[in-house]
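First up is the structure itself, then whatever we jot down about it.
The values are calculated or read from the model by the stated rules, or taken from the named source; none is laboratory data. All figures in this text were calculated on a predicted structure; none of them were measured in a lab. Here the Cβ is made from the backbone with ideal geometry for all residues, glycine too, and neighbour counts use every protein chain on show. These area figures cover heavy atoms from the full protein model, side chains too; ligands, DNA and RNA do not enter into them. Shrake-Rupley method; radii C 1.70, N 1.55, O 1.52, S 1.80 Å.
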Amino acid sequence: MLIKKELIAKIKNRTLTMGVCGLGYVGLPLAVDKAKHGFRTIGFDIQQEKVNMVNAGENYIGDVVDADLKELVASGMLRATSDFSFVKEADFIAICVPTPLDRHQQPDISYVRDSTIAIAKNLRRGMIVVLESTTYPGTTEELVKPLLEEGSGLKCGEDFYLGFSPERVDPGNLVYKTSNTPKVVGAVGADATEVIAMVYRAILDSEVHTVSSPAVAEMEKILENTYRNVNIGLVNELAMLCHKMGINIWEVIDAAKTKPYGFQAFYPGPGLGGHCIPLDPYYLSWKAREYGFHTSMIESSMMVNDRMPEYVVERAGKILNRFQKSLNGAKVLVLGAAYKQDIDDYRESPALRVMEELRGTGAAVDYYDPFIPKYRSRGVWYRGIPALTEEAVKGYDLVVIATAHTKVDYAMAAGCGVPVFDCKNVCKNIQNRANIEVL
């Protein structure tokens, strides 16, 4: 009870020192929001380059305002370090590190484990630790809690508080940012839940919803993205069927969404990208096997979505065949490398998979993306063409639209007479469609 009173007092008078472990797409915006709301904040990252950029006030995340970062660093409200001994100075630590899949499509929680071990060595009485990284249900209590207790000699619930609050970040979203997106909190014990929720209410301009345990919060996050994965898998499968039937799936969806209840529009595409939607169902299906449970519907949608880049290439080959050309030796221009529109993030981007599959057929592949001038895949760097011009487009045998950026002139590209395979329906308003085919 004494810990609770001390922490509540620090929250109210803004003397609680915040810490964020992992300064990526989730961590840096969270650190900035904490500092903007009057809490001194320390960012931790093992990448010295990120640490140096933050301390220089140099922003590298699209959802962070450059001026905010510069001002907070200059005022001393925000600083970064790769030295985890400074964890001792923090009262609250949020773990926002990657949770990717390994090469066997199994959860890789090494970043969470390593971060927790580093924090445990410097954990002191009266601290709060919150895991925000998306993971399988049970991680907080089955992995993080034992590591913190063993590494520090402290007891969870008595000496320190522990919880899970899933990150909700949608890069490029012009409406919902970290600060105004509702937050979910599940912690070990009622006191921890109350205090952790109070922390988030002090730094966010949104509702904070509490649940009964970390496992509920972990499963809630998995549900969010599995829901999207399953529904996108459904429309991707329908897109393949509609193509065979000569029906435009995009028109079908536009008609269906006129229903004011019972339907939410999801759209097909060349596959799924980003850190969450393509990965989270794997975490759930992996954990389900521990209970002898087979997530058949989820795994079916994963199979459909995972196959989409190959399907796009198959369709691309058929389009070229109609123009008496083959993929082998063809020059193909892919428009878009990012996994979604108007961002510079290409993690798990299906566009990269499409390009890889195209190269595998013997095609000569170039790409254009105003947000990603170059990208690295399987240890190799690829550079995009410097500008999208009529002269450039006319030098290709096929254009594949893989990302729907608002800053790309798709009408110009489609008007060059080159066959266009539009996987995002961005050419829907173009009248002359003789050379355009949609997914």
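With N as its number of residues, region 67-222 has a Cα radius of gyration that, divided by 2.2 N^0.38 Å, comes to 1.04. Mind running the shape call on region 269-359? Use the C-alpha gyration tensor, a ≥ b ≥ c as the square roots of the eigenvalues: rounded below 1.5 for a/c, prolate if a/b tops b/c, oblate otherwise. It comes out oblate by the Cα gyration axes.
Please give the charge dipole size of region 256-388, origin at the Cα centre, charges +1 on K and R Cβ atoms and -1 on D and E Cβ atoms. Round to the nearest 20 debye. Don't skip to the answer; put the middle values down first.
Numbers: 18 positive and 14 negative charges, 78 e Å.
Approximately 380 debye in magnitude.
Would region 232-283 count as rounded, prolate or oblate if I go by the C-alpha gyration tensor, calling it rounded below 1.5 in a/c and otherwise prolate when a/b exceeds b/c, oblate otherwise?
On the way: a/c = 2.82, a/b = 1.43, b/c = 1.97.
It comes out oblate by the Cα gyration axes.
Of all alpha-carbon pairs in region 160-319, indicate the percentage at a distance above 19 angstrom. More than 19 Å apart: 65 percent of the Cα pairs in region 160-319. Taking the C-alpha atoms only, the angle from helix 296-322 to the longest principal axis of the chain is near 30 degrees.
What the phi angles of region 425-439 give under the Karplus curve with 6.51, -1.76 and 1.60, with θ = phi - 60°, is a coupling list of 6, 7, 9, 4, 9, 7, 6, 7, 10, 4, 9, 10, 10, 9, 4 Hz, glycine and proline written as x. Extension gain, K244-D66: 0.36 nm per intervening residue step, less the Cα-Cα distance, totals 59.2 nm.
Taking the 1.4 Å solvent-accessible surface of region 313-439 as the whole, the part contributed by carbon and sulfur is 46%. Annotation: amide H-H contacts under 5 Å for L162 (H modelled 1.01 Å from N, sequence separation of 5 or more, or interchain): V129, G157, V188. Here the Kirkwood formula puts the hydrodynamic radius of the chain at 23.5 Å, using every distinct Cα pair.
What does the C-alpha gyration tensor say about the overall shape of region 134-187? Classify as rounded when a/c is under 1.5, otherwise prolate if a/b is larger than b/c, or oblate. In terms of gyration-tensor shape, prolate. Charges at C-beta only: +1 for Lys and Arg, -1 for Asp and Glu. How large is the resulting dipole of region 316-439 about its Cα centre, in Debye rounded to 20? About 260 debye. With 0.36 nm allotted per residue and the present C-alpha distance subtracted, the D102-A434 stretch has 115.2 nm of extension available. State which entries of K88/K177; K221/K244; K121/K155; K34/K287 exceed 24 angstrom in Cα-Cα distance in the structure shown. Correct reply: K88/K177; K221/K244; K34/K287.
Ignoring any ligand, DNA or RNA, what whole percent of the accessible area of region 180-272 comes from carbon and sulfur when the probe is 1.4 angstrom? Don't skip to the answer; put the middle values down first.
Numbers: 2630 of 4400 Å².
Heavy-atom surface of region 180-272 belonging to carbon and sulfur, 1.4 Å probe: 60 percent.
Along region 61-72 the Karplus relation, 6.51 cos²θ - 1.76 cosθ + 1.60 evaluated at θ = phi - 60°, assigns HN-Hα couplings of 10, x, 7, 9, 7, 3, 5, 4, 4, 4, 5, 5 Hz to successive residues, with x for each Gly and Pro. Axis of helix 2-12 versus longest Cα principal axis of the chain: the two differ by about 60°, to the nearest ten degrees. Expressed as a whole percent, the accessible surface of region 1-84 that belongs to carbon and sulfur atoms is 53, based on a 1.4 Å probe. Taking amide H as placed 1.01 Å from N in the peptide plane, S377 has its amide H under 5 Å from the amide H of Y382, each at least 5 places away in sequence or on another chain. The mean accessible area for residues of region 238-396, using a 1.4 Å probe and ignoring ligands and nucleic acids, is 52 Å² per residue. Bridgeable aspartates and glutamates around K318 (alpha carbons under 20 Å apart, same-chain partners fewer than 8 residues away excluded): E237, E310, E356, E357, D366, D397, D422, E437.
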